[in-house]
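*Asks:* The structure follows.
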Amino acid sequence: MTRPLQAIVKLDAIVSNYRQAKTLAGGAVVAVIKANGYGHGLVNVGLHLSPHVDALAVATLEEAIELRTANVPGRLLVLEGVFDAEALATANRLDLDLVVHSDYQVALLQEYQPNAGDSTLNLWLKIDTGMGRLGFSPDRAAQQYKELFSLDMVKSVILTSHFACADEPDREENAQQLASFDRAVNAVEKLLKDLPGAEGEAFALQQSIANSAAILALPAAHRHWNRAGIMLYGSDPVVRGVDRPAETQSLACSMTLQSRLIAVRSVHKGESIGYGADFHFEEDGRYGIVACGYGDGYPRHAGTGTPVMVGGVRTRLIGRVSMDMLAVDLSKVPHAEVGTEVELWGNEISISEVADCAGTIPYELFTGLTQRVPRVYLPAE
Ligand SMILES: *Cc1c(COP(=O)(O)O)cnc(C)c1O
């Protein structure tokens with residue numbers, strides 16, 4: 001028998017969450033599949049999603065190359081853009097959309113010598129409205145826009161920015177970032193009116209600022225383009241207790257991390273288990289050993305009490321997570337035996353519960369799932 005740990009990936013759930021993002025956002029939605037498709041498998045997710053989406057996005061050129069090598073068609077945005085001339089030539093050849101966030105990237109574009117077969121580029125001009133990571137200051141937006149727009153190799157320029165606090169929609173920083181973005185939008189629109197070749201309706205300035213949290217709970221941020229990441233994978237990043245638009249439905253779970261018990265043990269009161277021997281049983285009883293550990297990406301910081309489903313019963317993890325195994329309490333699961341099915345996260349145990357218990361976020365758990373865990377796709381590719 002092969003090791004029973006598997007990540008079951010429901011590709012149709014990702015498509016249905018994408019549709020929900022489109023309904024909520026109203027405009028076009030970029031499906032963000034960076035970091036190995038949030039752990040779901042870059043190429044499999046890309047191939048399955050591409051016929052359904054307006055565009056895909058990854059963080060790096062390397063990820064984009066992997067997708068194009070697997071013949072994933074359509075618009076594909078590289079969120080960090082390119083770092084040198086060779087990368088720009090590759091991006092051009094692969095017909096990628098690029099974020100431009102720094103002066104050196106503008107210089108690369110200006111100095112670029114076209115090659116036969118080059119495409120014209122869609123650029124995403126990034127404005128730093130308060131995240132403090134990448135992008136030009138809003139008061140440079142118009143000038144930068146003009147410089148990029150005037151290049152022969154450029155097909156379109158989309159104004160973009162990113163929120164720091166969208167998961168807490170009521171925070172003042174969101175309104176400030178939006179106001180700052182809108183100032184940049186106004187400055188560019190004013191300039192566009194006077195720019196040769198940009199007159200008329202067809203040149204309405206394309207904009208993009210919303211991530212999943214803003215798609216779900218910050219309607220003022222919805223623009224021509226919106227960028228959905230974590231929500232595609234069934235996880236809602238917005239803090240609890242925030243009002244949602246009436247059309248909001250619950251997101252579909254896209255991944256079940258499942259395994260089985262590979263040992264069942266009896267124990268006496270007072271005995272301990274695992275590294276550090278820091279979990280002591282308060283009664284005689286039974287516990288199980290599950291094939292899954294931090295070497296698979298299950299968080300080592302998930303302590304005793306983290307929920308786990310065993311044989312359809314919600315029980316708890318006990319003791320320290322090891323590299324390849326973890327232990328579960330079987331006091332409420334009398335029917336459990338070797339081979340009994342275990343859900344670490346999925347439909348019954350949400351990945352956010354596990355993340356909360358480990359002091360982290362679903363993003364980190366999804367992207368931290370290691371190579372060692374086979375991904376099984378439903379429906380089969
Ligand atoms: C990762 C990323 C997203 C997606 O964010 P989610 O919170 O997962 O929706 C959107 N925009 C940018 C620039 C990103 O880097």
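Quick note: the coordinates plus some simple rules give every number you see, no bench work behind them. Just so it is clear, the structure is predicted and the values come from calculations on it, not from any experiment. Counting neighbours? That spans all protein chains shown, and the Cβs are built from the backbone with ideal geometry, glycine included.
*Asks:* At R0 = 41 Å, how high is the FRET efficiency between Arg3 and Asp243 if r is their beta carbon distance? Nearest 0.05 is fine.
*Replies:* 0.40
*Asks:* Let me ask something else about it. Given the C-alpha centroids of the range 42-57 and the range 253-296, what is the distance between them in whole angstrom?
*Replies:* 38 Å
*Asks:* Right, here's the next one. Mind checking which lysines have their Cα closer than 17 Å to the Cα of Lys269? Skip sequence neighbours fewer than 8 apart in that chain.
*Replies:* Partners within reach: Lys332.
*Asks:* Additional query: So, in nm, how far is label Glu364 from label Thr23 when the simple model puts each one 7 Å beyond its Cα toward the Cβ?
*Replies:* Label-label distance for Glu364 and Thr23, simple model: 3.3 nm.
*Asks:* Give, in whole angstrom and from largest to smallest, the semi-axes √(5λ) of the equivalent ellipsoid of the range 255-377, with λ running over the eigenvalues of the Cα gyration tensor.
*Replies:* The answer is 23, 16, 13 Å, longest axis first.
*Asks:* Also, quick follow-up: Between Asp84 and Arg314, 0.36 nm times their residue separation minus their Cα-Cα distance comes to what?
*Replies:* Taking Asp84 through Arg314 to full extension adds about 77.6 nm, to one decimal.
*Asks:* Take the alpha-carbon centre of the range 204-245, take the same for the range 348-381, and report the distance between them in whole Å.
*Replies:* The two parts, judged by their Cα centres, are 21 Å apart.
*Asks:* If you don't mind, another one. Give the total of Lys-Lys pairs in the range 11-237 with Cα-Cα distances below 19 Å; include a pair only if its members are 8 or more places apart or on different chains.
*Replies:* Within the range 11-237, the lysine pair count is 8.
*Asks:* For the chain, what proportion of DSSP beta bridges, expressed in % and rounded to the nearest 5, is antiparallel?
*Replies:* 50 percent
*Asks:* Still on this structure, I have one more. Ignoring everything except DSSP H segments at least 4 long, calculate the 222 nm mean residue ellipticity for the chain; use -39,500 (n - 2.57) per segment, divide by total residues, nearest 500.
*Replies:* Rounded to the nearest 500, the figure is -8000 deg cm²/dmol.
*Asks:* Once you place label points 7 Å from the Cα toward the Cβ at Glu172 and Thr69, how far apart are they in nm?
*Replies:* 5.0 nm
*Asks:* Which percent of the Cα-Cα distances in the range 1-93 go past 18 Å?
*Replies:* When every Cα pair of the range 1-93 is considered, 48 percent fall beyond 18 Å.
*Asks:* Roughly what percent of Cα-Cα pairs across the range 11-237 reach past 33 Å?
*Replies:* Every Cα pair in the range 11-237 considered, those over 33 Å come to 13 percent.
*Asks:* May I pose another question? At q = 0.07 Å⁻¹, what log₁₀ I(q)/I(0) does the chain have when each alpha carbon counts as one equal point scatterer in the Debye sum?
*Replies:* The calculated log intensity ratios at q = 0.07 Å⁻¹ are -0.38.
*Asks:* While we're here: Set the Förster radius R0 to 41 Å, insert the Cβ-Cβ distance between Glu62 and Ser331 as r into 1/(1 + (r/R0)^6), and round the FRET efficiency to 0.05.
*Replies:* Taking R0 as 41 Å, the efficiency between Glu62 and Ser331 is 0.30.
*Asks:* May I ask you to list the aspartates and glutamates whose Cα is less than 16 Å away from that of Lys10, ignoring any residue fewer than eight positions away on the same chain?
*Replies:* Excluding near neighbours in sequence, the set is Glu343, Glu348, Glu381.
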